[in-house]
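Engineer: Below is one structure. I have some questions about it.
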Amino acid sequence: MKLIPPTALADHGKTRREFLKASAAGAATVAGLSIARSAHAAGDGTVKIGMIGCGGRCSGAARESLSAGPYVKLVAMYDVFDDRVRRSRKILKDRFPDQVQVDDEHCFSDFQGYQKVIDNADAVLIACASKFHPMYAEAAIKAGKHVFVEKPHAIDPVGCRRMQAVCELAKEKSLSIVSGLQSRFHTGFQETVQRIHDGAIGEIVAMQSMFLRGPYQTVARNPAYTETQYQFSNWYHFCWLSGDDVPQSLVHNMDRVAWIMKEEMPKWCFGLAGRSTSFGEVHGDMFDHHTVVYEYASGARVYALCQTRNGCYGNSSDIVMGTKGVCHLGACRIEGENSWTFPREQHNNPYAAEQKALIDSIREGKPINSGYHMANSTMSTVMGQIACYSGKPTNWDDVIKSDFQFGPSPDEASFDTPPPVTPDASGNYPLPVPGVWKI
């Protein structure tokens, strides 16, 4: 695997303590800053949003954002595939006819289209090939715009450090940056985690975290596409664009783990992974099952599992085991000395809640910043993915200083990029070999 020097935003020399300290500093909610109104909301409170990425996730984020109120207007859209822009615009226009104000001149599909969306919007919603999340967020914050950025917030150590720097810059500029790790906006999770912090299950001993499901959406090859275009169209299934399934899926679980552990990061981990059932070009060069075991300074361990195989057991919950009880986080239920269940009727929609929080922060001039958890949680999954690929124990201190980056940098990637991987005669792409693959 080729190594790319880190971006200038990366800090090679940060120790584990310094990295965590920077994360906490970048996290503080800046609601108390003395700005009367956001400079990016019109006098009538209108907030103009733009989409960077027009697949299902960004379209969903736009739908939730537009649902926050009639004062939210969608004004620009970008995706590297024009048909996705047009399809998403039609779906959103049909549902929000007065709020979707995107004419043809504000539909962009060239590789600089993201900058044109930024130029036209007060806030941008970023959900696309994950490789580009740090770069697009950086461009928006530098331009003075608010940001929602989907998970994972990077796919490699270089990208994580870049995203952390973006969060710190957002704080300096009094801009909101909201993470797509929506669990922290879930009312049931909020109350359950608070009870864990208050000692309801005693000292944490171990956690079992799962994201077990069938394969993510696959995209058949369009004969008109070049190999690189095809990989962009099916980006989830190529490591240089997505980072594989530990950052893509387990990042939700590991963010909840970080929350429960009061933002403590694991000291080290090891992983077991491979591919057993999901073969063929549509599955790219991804593994279809992963297990990562993380150990913390307290001695607590997290057993994290994900899979993308059909016909297998499915589960996407977390079980937290303590000295006084057990928490089933997905059910917001505690069993043991302090048994309790959060009322089902009080559950909210965390996807809608995170978008409303972003819009409200802009209209009220009280920026919010998810920097205290988004880059760290992502880095923990990057560490797990590296452990799975290498088959070796992987330390936090080593990973946060690593120069490793998948493929060409996002700043250099386009349809003209030579494909980093190509299929063999059987149509399958080469996979990392644990025990052989090295950074």
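What follows is calculated from the coordinates using simple rules that are stated; it is not laboratory data. None of the values given here were measured: they were computed from a predicted structure. Don't worry about glycine lacking a Cβ; one is built from the backbone with ideal geometry, like all the others, and counts go over all protein chains shown.
Engineer: Just checking, how many residues over segment 129-139 are without any contact (Cβ under 8 Å) to a residue 40 or more places away in the chain and farther than 17 Å from Pro408 by Cβ?
Structural biologist: 1
Engineer: Step by step: first the residues of segment 134-171, then only those that are out of contact with any strand residue (DSSP E or B) (no Cβ under 8 Å at 6 or more places or on another chain) and either among the charged types (D, E, K, R) or in a strand (DSSP E or B) (or both), then the one that is surrounded by the most Cβ atoms within 10 Å (Cβ to Cβ). Which residue is that?
Structural biologist: Only one residue fits best here, namely Asp156.
Engineer: Mind telling me which of the residues Asn310, Asn376 ends up being crowded, with 16+ Cβ neighbours inside 10 Å, of a type outside the set (Gly, Ala, Ser) and in contact (Cβ under 8 Å) with a residue 60 or more places away in the chain?
Structural biologist: Asn376
Engineer: Got at least one residue in segment 333-349 being buried (at least 17 other Cβ atoms within 10 Å of the Cβ) and either of a type in the set (D, E, K, R) or in a helix (DSSP H, G or I) (or both)?
Structural biologist: Scanning segment 333-349, I find no residue that is buried (at least 17 other Cβ atoms within 10 Å of the Cβ) and either of a type in the set (D, E, K, R) or in a helix (DSSP H, G or I) (or both), so the answer is no.
Engineer: Looking at (1) out of contact with any helix residue (DSSP H, G or I) (no Cβ under 6 Å at 6 or more places or on another chain); (2) outside any strand (DSSP E or B); (3) crowded, with 21+ Cβ neighbours inside 10 Å, which is the only condition Ser426 fails?
Structural biologist: (3)
Engineer: On to the next question. Is segment 276-286 home to any residue that is under 27 Å from Val193 (Cα atoms), within 21 Å of the chain's Cα centre (by Cα) and surrounded by 22 or more Cβ atoms within 10 Å (Cβ to Cβ)?
Structural biologist: Scanning segment 276-286, I find no residue that is under 27 Å from Val193 (Cα atoms), within 21 Å of the chain's Cα centre (by Cα) and surrounded by 22 or more Cβ atoms within 10 Å (Cβ to Cβ), so the answer is no.
Engineer: Would you check which residues across segment 381-409 are polar (S, T, N, Q) and over 13 Å from Trp240 (Cβ atoms) and list them?
Structural biologist: Those that are polar (S, T, N, Q) and over 13 Å from Trp240 (Cβ atoms): Thr381, Ser390, Thr394, Asn395, Ser402.
Engineer: Turning to a different aspect of this structure: Specify the residue that is surrounded by the most Cβ atoms within 10 Å (Cβ to Cβ); the eligible residues are those in segment 172-185 that are touching a strand residue (DSSP E or B) at 6+ places or on another chain (Cβ under 8 Å) and more than 15 Å from Lys366 (Cα to Cα).
Structural biologist: Pass one, segment 172-185, residues touching a strand residue (DSSP E or B) at 6+ places or on another chain (Cβ under 8 Å): 175-180.
Still in the list and also more than 15 Å from Lys366 (Cα to Cα): 179-180.
Numbers: Ser179: 27, Gly180: 24.
Once the filter is applied, the top-ranked residue is Ser179.
Engineer: From Asp94, Asp83, which residue is over 21 Å from the mean Cα position of the chain (by Cα), over 22 Å from Phe232 (Cβ atoms) and either assigned to a helix (DSSP H, G or I) or β-branched (Val, Ile, Thr) (or both)?
Structural biologist: Just one listed residue meets the conditions, Asp94.
Engineer: Looking only at segment 192-229, filter to residues that are acidic (Asp, Glu) and in contact (Cβ under 8 Å) with a residue 40 or more places away in the chain; which one of those is farthest from His347 (Cα to Cα)?
Structural biologist: Only one residue fits best here, namely Glu227.
Engineer: Further, regarding this structure: In segment 287-303, which residue that is of a type outside the set (Val, Ile, Thr) and buried (at least 24 other Cβ atoms within 10 Å of the Cβ) is nearest to Leu212 (Cα to Cα)?
Structural biologist: Taking segment 287-303 first, the residues of a type outside the set (Val, Ile, Thr) are 287-290, 294-301, 303.
Subsequent filtering for residues that are buried (at least 24 other Cβ atoms within 10 Å of the Cβ) retains 287, 290, 294.
On the way: Phe287: 13, His290: 10, Tyr294: 18 Å.
Restricting to residues being of a type outside the set (Val, Ile, Thr) and buried (at least 24 other Cβ atoms within 10 Å of the Cβ), the top hit is His290.
Engineer: Residue check, Val251 against (1) in contact with a Lys or Arg (Cβ under 6 Å, 6 or more places away or on another chain); (2) surrounded by fewer than 22 Cβ atoms within 10 Å (Cβ to Cβ), all met but one. Which one?
Structural biologist: (2)
Engineer: Please go through segment 222-259 and give me each residue that is β-branched (Val, Ile, Thr) and either within 23 Å of Tyr389 (Cβ to Cβ) or touching a helix residue (DSSP H, G or I) at 6+ places or on another chain (Cβ under 9 Å) (or both), ordered by number.
Structural biologist: Hits for segment 222-259 are Thr228, Val246, Val251, Val257.
Engineer: Strands (runs of 3 or more DSSP E) wholly in segment 172-280 with at least 2 residues that are of a type outside the set (Val, Ile, Thr) - which ones?
Structural biologist: Fully inside segment 172-280 and qualifying: 204-213, 268-274.
Engineer: Hey, could you check segment 67-79 for residues that are over 14 Å from Asp360 (Cβ atoms) and of a type outside the set (Val, Ile, Thr) and say which is surrounded by the fewest Cβ atoms within 10 Å (Cβ to Cβ)?
Structural biologist: Checked segment 67-79; the qualifying residue surrounded by the fewest Cβ atoms within 10 Å (Cβ to Cβ) is Pro70.
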